[in-house]
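The structure appears below as structure tokens.
The values are calculated or read from the model by the stated rules, or taken from the named source; none is laboratory data. Predicted model only: the values in this text are computed from it and were never measured. Methodologically, a virtual Cβ is constructed for each residue, glycine included, from the backbone with ideal geometry; neighbour enumeration extends over all protein chains shown.
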Amino acid sequence: MVTAALPVPPEQDLVVFGASGDLARRKLLPALYNLEGSGLLPDRGSIVGLSLDPLDDSGFRDLARAAVAEFSRTGIDEGTWERFAPRLHFRQSSDDVLHHLEELLSAPQRVYYLAVPPSAFDPLLQQLRQASAQRRAGIIIEKPFGHDLPSARRLNRALHHVVPEERVFRIDHYLGKETVQNLLVFRFGNTLFQRIWNRDVVDHVQLTVAEDIGVDDRGRLYEETGAIRDVVQNHLFQLLALTCMGAPTSFEADALRDEKVKVLRAIRPIEPADVVRGQYTAGRAGGQPLRGYRQIPGVAHDSTTETYAALQVHVDTWEWAGVPFFLRTGKALVTRRTEIVLRFRDVPLHFFQGTDIARLDPNRLTVRIQPEEGISLSFNAKEPGPQVVEQSVRMDFAYGTSFRTQPAEAYERLLHDVMVGDHTLFIREDETEAAWAALDPVLQRLPPVHPYPAGSQGPEAAAAMVPPPGWHDLSHHAAPLPGSAAPG
């Protein structure tokens, strides 16, 4: 939960491009409202929305109230809303709109949030180049940061023509999730786990970002990205970096980001043979029937854009050389789940000769990032009775039951960090370029896409990628991937 112990940001204005879009409605406006309720918005400062929609201040406030009522974790409190609503203003976007905002932007600092498709970044940055010179400004930019290494470098240069790197906030909302932040404390605050977190004990690691929803009405936008650019290059690579990074010298922003960059630069260039791409067909997922990806408006009838990607990745560092990392992400899968699973090496079985134990389930450590935040450790124990029979059991830590509190939404933490100038949970320029460099061989020669039905665990071609017992099953209610073991 966001608490009053956090500092109140200095006076500043926030300008949101794309303020009537899906991201603003579902995440940004509810997060800003919740910060108001926690006393963590600046004492003075406007929130100005810009988009192509013909709204005025009143219409924007109506949109924001509906968004808060539907998506805020707290719901509407009338006292909070009465303080929040006067901050909200709206102007319809145009080529010269920034020159007409001065009567609304009176705080000594301002932040521009580019909540728009990547194709809109360049023209907006050209507008901002002149406007930002008038006052100290920061820029928040959403992923994907470019679509390959050359475009990422061009985008970074364009950003630096407007503001220096220390005022760029590349936002990946996964880094704002409480469980992701807790991963650092779990790893470096516990001697027990710190000592087994390496190639000596770990057989392989699986990282999953699975969604049970489809692309919906965002077909045209998704055709520009696909799963590799949309999730692998940022979400999954950030989780990989946090999983593999060495202990930083301090909890300062650059000390943490230096260690992440070392991991990303150590990723062995990923070849097409190490990647399986998929695209969902009609089926049922998330409790709803879904049409196939190619039937969505804005998607080509012969589209080869992937909605699923699985990769085998190697991190060539002293701690992790030889340990395969299996990454997967997909739309319209059997469930919504984000997790990190460390599967440990098998033990020798000679001690159990003459018993009924023919094999032992490997120990697993699972970090659940969403939807049920927590950490679990599975190990083997003897079932009660005269026979020596093994049973895999689990110790579990869950945020909801252990702390009896509801963590703040990721965007609340990240927006507050922007306003106080804390870069710890944001992605640095060299991180983005190192991640794209690892993916460049794949992007140059994309492998074919394999169909998979909506509501499944992905294409069958991905099953052979992980050694037995295979991928960690996404749902105990779903059939395992072909060639993999039943849930355990």
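Hey, could you check region 168-209 for residues that are in a loop (DSSP other than H, G, I, E, B) and under 13 Å from Leu425 (Cα atoms) and say which is nearest to the chain's Cα centre (by Cα)?
In this case the residue turns out to be Asp172.
I'd like to know if region 249-262 contains one or more residues that are surrounded by 19 or more Cβ atoms within 10 Å (Cβ to Cβ), within 20 Å of the chain's Cα centre (by Cα) and closer than 21 Å to Asp212 by Cα.
no
Confirm whether Leu155 is outside any loop (DSSP other than H, G, I, E, B), buried (at least 20 other Cβ atoms within 10 Å of the Cβ) and touching a Gly at 6+ places or on another chain (Cβ under 6 Å).
Yes, satisfied.
Name, by its number, the condition in (1) modelled with pLDDT of 95 or more; (2) out of contact with any Phe, Trp or Tyr (no Cβ under 6 Å at 6 or more places or on another chain) that does not hold for Ser106.
Ser106 satisfies every listed condition except (1).
Could you look through region 67-118, keep only residues that are charged (D, E, K, R) and in a strand (DSSP E or B), and pick out the one that is nearest to Val420 (Cα to Cα)?
Out of the qualifying residues, it is Arg110.
Any idea which of Ile267, Ile171 is buried (at least 22 other Cβ atoms within 10 Å of the Cβ), modelled with pLDDT of 90 or more and outside the structural domain of Asp302 (by TED's automatic domain parsing)?
Selected residue: Ile171, the only one of Ile267, Ile171 that is buried (at least 22 other Cβ atoms within 10 Å of the Cβ), modelled with pLDDT of 90 or more and outside the structural domain of Asp302 (by TED's automatic domain parsing).
Just to be sure, is Val388 modelled with pLDDT under 90 and touching a Lys or Arg at 6+ places or on another chain (Cβ under 7 Å)?
Criteria met by Val388.
Among the listed residues Asp396, Asp422, identify the single one that is free of Cβ contacts under 8 Å to residues at least 60 places away in the same chain, among the acidic types (Asp, Glu) and more than 30 Å from Pro150 (Cβ to Cβ).
Step by step, each of Asp396, Asp422 is checked, and only Asp396 is free of Cβ contacts under 8 Å to residues at least 60 places away in the same chain, among the acidic types (Asp, Glu) and more than 30 Å from Pro150 (Cβ to Cβ).
Do the conditions hold for Leu221, that is, is it modelled with pLDDT under 95 and not in a loop (DSSP other than H, G, I, E, B)?
Taking the combined requirement at face value, the residue satisfies it.
Inspect all residues belonging to region 8-19 and state whether any of them is buried (at least 16 other Cβ atoms within 10 Å of the Cβ), of a type in the set (Gly, Ala, Ser), within 22 Å of Ala408 (Cα to Cα) and out of contact with any Pro (no Cβ under 7 Å at 6 or more places or on another chain).
The answer is yes, given that some residue of region 8-19 is buried (at least 16 other Cβ atoms within 10 Å of the Cβ), of a type in the set (Gly, Ala, Ser), within 22 Å of Ala408 (Cα to Cα) and out of contact with any Pro (no Cβ under 7 Å at 6 or more places or on another chain).
Listed residues Val215, Val232, Val202; which is hydrophobic (A, V, I, L, M, F, W, C), crowded, with 16+ Cβ neighbours inside 10 Å, under 22 Å from Leu149 (Cβ atoms) and out of contact with any Asp or Glu (no Cβ under 8 Å at 6 or more places or on another chain)?
Just a single option satisfies the conditions, and that option is Val232.
Under 6 Å between Cβ atoms, at least 6 apart or on separate chains: pull out the pairs that start in region 278-293 with a residue that is without any contact (Cβ under 8 Å) to a residue 60 or more places away in the chain and over 24 Å from Leu446 (Cβ atoms) and end on any residue that is outside any loop (DSSP other than H, G, I, E, B) and of a type outside the set (D, E, K, R).
Note: no pairs meet the criteria.
Residue by residue through region 19-57, note down the ones that are in contact with a strand residue (DSSP E or B) (Cβ under 6 Å, 6 or more places away or on another chain) and at positive phi.
Selection gives Gly45 alone.
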